[in-house]
Amino acid sequence: MAKNNKPTPSNKKHTAHLQRVRRQSKIIQYTAIGIFALVAILLVVGFISQTGFPPYQKVATVNGESISRSLFATRAKMQVIQLTSQQAQLEAFAQAFGVDPSTDPNLASQYSQINGLLSSKESLGQQTLDTLVDEALIRQEANKRGLAVSNEEITKAMQEAFNFYPDGTATPAPTATEFTPPTLNPTQLELVTITPTASPFPTPTVDLSATPTATLAPTATNTAGPSPTAQPTATPYTQAGFEEQLKQTRDNFATQTGLTEDQFRILFVNTLLRQKLQDAINADAKPSEEQVWAQHILVGTEEEANAVLKRLNAGEDWNKLAAELSIDTSNKDNGGDLGWFARGAMVSEFEDAAFALKVGKFSQPVKTQFGHHIIRVLGHEERPLSESAFQQLKEGAFSTWLDEARAAAKIKIYPYWKNLDFTPSQSTTQ
């Protein structure tokens, strides 16, 4: 009699149980494989982060734009080359004049700054990183504003960098903004005994300027004369000569720093974009600014200042009191005359008081780090800027924009750059 081979209910349960066990085993196996794979990926990423691949590793991101480790290393090496060249030039100049560049007052500051960067890898690297971040911010803003650089502009910039002018070039001298000094009004004629000229005032004994390099009495605006007709300068070499010098320079940088041809072109693009953006930011800038013409009597204490004020209120002559009492020996015999100056030229306490005064009035005692001042204002008007002063104004506005852009940007700095070698390779191109 044939056997009944149909599975019993108990066999069905056993088979189902085995299938569930197999499925669970596979899930556990796949999960374990996934975990091991994830750990392996994390280990590889960590290894790359520490030692990895220089061309692709980031040293910073600026609003999501990456700055690669290779670009940073290249630019840092270029910075070393530039600083070393500047150092050698200063030393040669010092040797020619028989002075020590580290102590000579005209060279020491720049020489010390260069040596400081060359001797501090971290300072040089940080400066390079700051430059690359600024360039990224400028590119991003230029893109927002629709500013671009053409191939023709890049070619022209390269030619000018190598003093190659295919069509000849004019070399005009800088000219000041044309300006005729205004006629003194009756109040000014009554107050002042010496009419200010376009020449600078003597360097003051007391430097009230807002910055160490400024002088107490800023140089008055010169009246511009007719500009000479510029003559084209002869091109010193041919197109072939220019191209050969350009190639040699690129090859030298490539050998010494790893600079690619694209990166070489981008150096010029960055410079052109910076100028275009600066022009756009200053599109509404006026070549003039509010200025005051002021005098002061400087004394040591508040009591002395109040005594000066009392004598002035009693009707004593300002110029005589300045000559008698002011400790600013550079202008005491000239009525304490400081000439015309704009905002930002003097220390803030002095400046705020001067700009708040009406013409012909004198201030209450104003305390600064130099002593106590009685100030009298002789003029207050909008005055044109010289060409150099207008350029400084525009550069200042651009620097302000750049500071604000940096503060608002999402910037992430990675520390890997501190482990890089910034030493340029030896060039073989002669």
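The numbers here are math on the coordinates, done by the rules we state, and not lab data. None of the values given here were measured: they were computed from a predicted structure. So basically every Cβ, Gly included, is an ideal-geometry build from the backbone, and we count neighbours across all protein chains shown.
Structure values in brief
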| read-out | value |
| --- | --- |
| Principal axes of the range 257-332: Cα extent on each, largest first, Å | 75, 34, 19 |
| Highest average packing first - 134-141, 410-417, Cβ atoms within 10 Å | 134-141, 410-417 |
| From the C-alpha gyration tensor of the range 230-368, square roots of 5λ in Å | 58, 17, 17 |
| Potential lengthening between Q392 and Q364 on full extension [0.36 nm per residue; Cα-Cα distance subtracted] | 6.8 nm |
| Viscosity 0.890 mPa s, 25 °C: Kirkwood-radius Stokes-Einstein D of the range 250-295 over Cα pairs, µm²/s | 175 µm²/s |
| Built amide H within the under 5 Å cut-off of S386, gap 5+ | T177 |
| Globularity index of the range 337-386, i.e. its alpha-carbon radius of gyration over 2.2 N^0.38 Å | 1.13 |
| Long pairs among K121/K410; K286/K410; K77/K410; K144/K247; K156/K410, criterion Cα-Cα beyond 30 Å | K286/K410; K144/K247; K156/K410 |
| Hydrodynamic radius by Kirkwood, which averages 1/r over all alpha carbon pairs of the range 295-378, in angstrom | 12.6 Å |
| Global geometry of the range 68-124, whether rounded, prolate or oblate, following the gyration tensor of its Cα atoms and the 1.5 cut on a/c | prolate |
| Euclidean distance of C-alpha centroids, the range 244-279 and the range 132-147, integer Å | 17 Å |
| Point-to-point label distance, Q110-Q86, nm (Cα→Cβ direction, 7 Å offset) | 0.9 nm |
| Cα-only Debye scattering, the range 304-430: base-10 log of I(q)/I(0) at q = 0.14, 0.15, 0.16 Å⁻¹ | -0.78, -0.85, -0.92 |
| Peptides 334-345, 82-93 ordered by average Cβ neighbours within 10 Å, highest first | 334-345, 82-93 |
